[in-house]
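Okay, so here's the structure we're looking at.
Here, each number is a calculation from the coordinates, and none is a lab measurement. Every value quoted in this text rests on a predicted model; they were computed, and no experiment measured them. For neighbour counting, all protein chains shown are included, and Cβ atoms are generated from backbone atoms with ideal geometry for every residue, glycine included.
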Amino acid sequence: MDRTIKTELEEIRQRGLYRQTRLIRGRQGGRVNLDGRDVLMLCSNNYLGLADHPRLSEASIQAVEKYGTSSAASRLVSGTMELHEELEHTIAAFKQTESALVFNSGYAANVGVISALVGRGDLIFSDRLNHASIIDGSLLSGAKLVRYTHNNVEALKGLLEKYDSHQGRKLVVTDGVFSMDGDIAPLKEIAAQKQSADFLLMVDDAHGCGVLGDNGRGSAESLGVLDQIDIHIGTFGKALGSFGAYAALSSELREYLINRARSFIFSTSMPPAVLAASNEALCLVQSDEGRRLRKQLQGNTDIFRDRLRDAGFDLGEGTTQIIPVMCGDTDVTMQFSQQLLDRGIYLQGIRPPTVPSGSCRLRCTVMATHKPEELRHAADEIVSVGKELGVI
């Protein structure tokens, strides 16, 4: 091994930032087999419990039997199958847009869309806590990146006024639900800025899609501004229990991305099994079962959040199924995580560079399929370890 790589790895270990994979055997669910042990899963994005839902599994099986296992090419060569178009029609109807385009991951969607839409001479206004894929797409684009204080509409307004005379294209981009804090962007107030400023508004609703809104259409639906977002980004690998991502947008923007988004142009398209599962998931979340699962998720979230907050934990300002237990110190956070695992609760510690230094946390994620008694027990264990470590 290159000596500099070995040295850097050792430095990562010494700083308490070393990461490694953990093996889950069998299905994803509220409880999983982790490294040979049965544990309660409290750090998955499988919010509605759809990752092993029979309807999604059956749709995948039927797609494999009918279409095979691969598209065998990129979309612009020979990799566009009828399932791709069917899914994109379903997405557009779901998000109430003219059109949609499927990408292979949320990362590929954000990087591809941003770097296609803006470039040198253009401006990107980005929330300071936006996902890494938004930051990477912005840097890759070559546009000037202007970051505004988290969820601060007045700060954004001031920046838009400052650059009012700028001649290039302007893009405002924000997460819908912030993945590490669980709070929701003030989309209604941000969209209102379009009355006085000319910009495209892009929202990455990876953690809101399927969960928020009467029909599960996400944070924009829940805030009543679904029709005021120019580009809706969403993923299938979280609440929707499948894989891949999408951009829901106008027909003209879709046509533009097909010709300019490199992560779309130069990737083999998603396989039939994944497309079919994703399509079935969108149908399910809009059904009575989807509404029931969202109600269960909200109830479980309230039980868990209230118990931890009453015990004195700092949980931030979030209101969603993502609940950060703020610990601050890296070593304390990882000790916290390990002691919980010893007690049968799998809850990952989050450290830099995912979050800023000094803001390490346990990122708790509640699922609709958790049992209330499991969550109460888990919260009590978190309180117990939190007291032992001096977090509360």
### Task
Could you grab the relative contact order for the chain? Cα pairs under 8 Å, six or more apart, rounded to a whole percent.
22 percent
### Message
Give me a comma-separated list of calculated 3J(HN,Hα) values for the range 277-290, in order, Karplus coefficients 6.51, -1.76, 1.60 applied at θ = phi - 60°, integers in Hz, x for any Gly or Pro.
### Response
5, 5, 4, 5, 4, 5, 5, 5, 5, 8, 8, 4, 5, x
### Summary
Quick note, the range 1-72: a/c under 1.5 would make it rounded; otherwise a/b > b/c is prolate and the rest oblate (a ≥ b ≥ c, C-alpha gyration tensor); here it is oblate
### Task
State which entries of LYS157/LYS238; LYS194/LYS238; LYS95/LYS170 exceed 28 angstrom in Cα-Cα distance in the structure shown.
LYS157/LYS238; LYS194/LYS238
### Task
Taking the Cβ of each residue in SER242, SER267, SER287 as the centre, tally the other Cβ atoms inside 10 Å and list the residues starting with the fewest.
SER287, SER267, SER242
#### Entry: Dipole magnitude of the range 69-285, debye to nearest 20 (Cβ charges: Lys/Arg +1, Asp/Glu -1, about Cα centre)
660 debye
### Query
What 222 nm value per residue comes from the helices of the chain, counting each DSSP H run with n ≥ 4 as -39,500 (n - 2.57) and dividing by all residues, nearest 500 deg cm²/dmol?
-13000 deg cm²/dmol
### Query
Quick one: Karplus J couplings for the range 371-384, per residue in order, coefficients 6.51, -1.76, 1.60, θ = phi - 60°, nearest Hz, x for Gly and Pro?
8, x, 5, 5, 5, 5, 4, 4, 4, 5, 5, 5, 4, 4
### Task
Name the aspartates and glutamates eligible as straight-distance cross-link partners of LYS371: C-alpha to C-alpha under 19 Å, and not fewer than 8 places from it in the same chain.
ASP38, ASP52, GLU289, ASP302, ASP306, ASP380, GLU381
### Query
Using modelled backbone amide H atoms (1.01 Å from N, in-plane), which distant-in-sequence or interchain residues come within less than 5 Å of SER74's amide H?
GLY79, SER269
### Query
In terms of the ratio Rg/(2.2 N^0.38 Å) built on C-alpha atoms, what value belongs to the chain?
1.00
### Query
If you take the charge dipole of the chain about its Cα centre, with +1 on Lys and Arg Cβ and -1 on Asp and Glu Cβ, which of VAL39, ALA245, ALA261 is farthest toward its positive end?
VAL39
### Query
Which of PRO353, ASN104, ILE91 sits closest to the plus end of the dipole of the chain, meaning its Cα is farthest towards the positive end, when Lys and Arg get +1 and Asp and Glu get -1 on the C-beta?
PRO353
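When ranked by the protection proxy of mean other Cβ atoms within 10 Å per residue, highest first, what sequence do the peptides 92-100, 269-277 form?
269-277, 92-100
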### Message
Nothing charged except the Cβ atoms of Lys and Arg (+1) and of Asp and Glu (-1): what's the magnitude of the dipole of the chain about its Cα centre? Round to the nearest 20 debye.
### Response
620 debye
### Message
I need the phi-derived Karplus couplings for the range 12-29: 6.51 cos²θ - 1.76 cosθ + 1.60, θ = phi - 60°, integer Hz, Gly and Pro marked x.
### Response
4, 4, 5, 7, x, 10, 6, 10, 8, 7, 10, 8, 9, 9, x, 7, 7, x
### Task
Can you find, among VAL325, LEU340, TYR67, the residue farthest towards the positive end of the dipole of the chain? Put +1 on the C-beta of Lys and Arg, -1 on that of Asp and Glu.
LEU340
### Query
Restricting to the range 69-285, what percent of DSSP beta bridges are antiparallel, rounded to 5?
40 percent
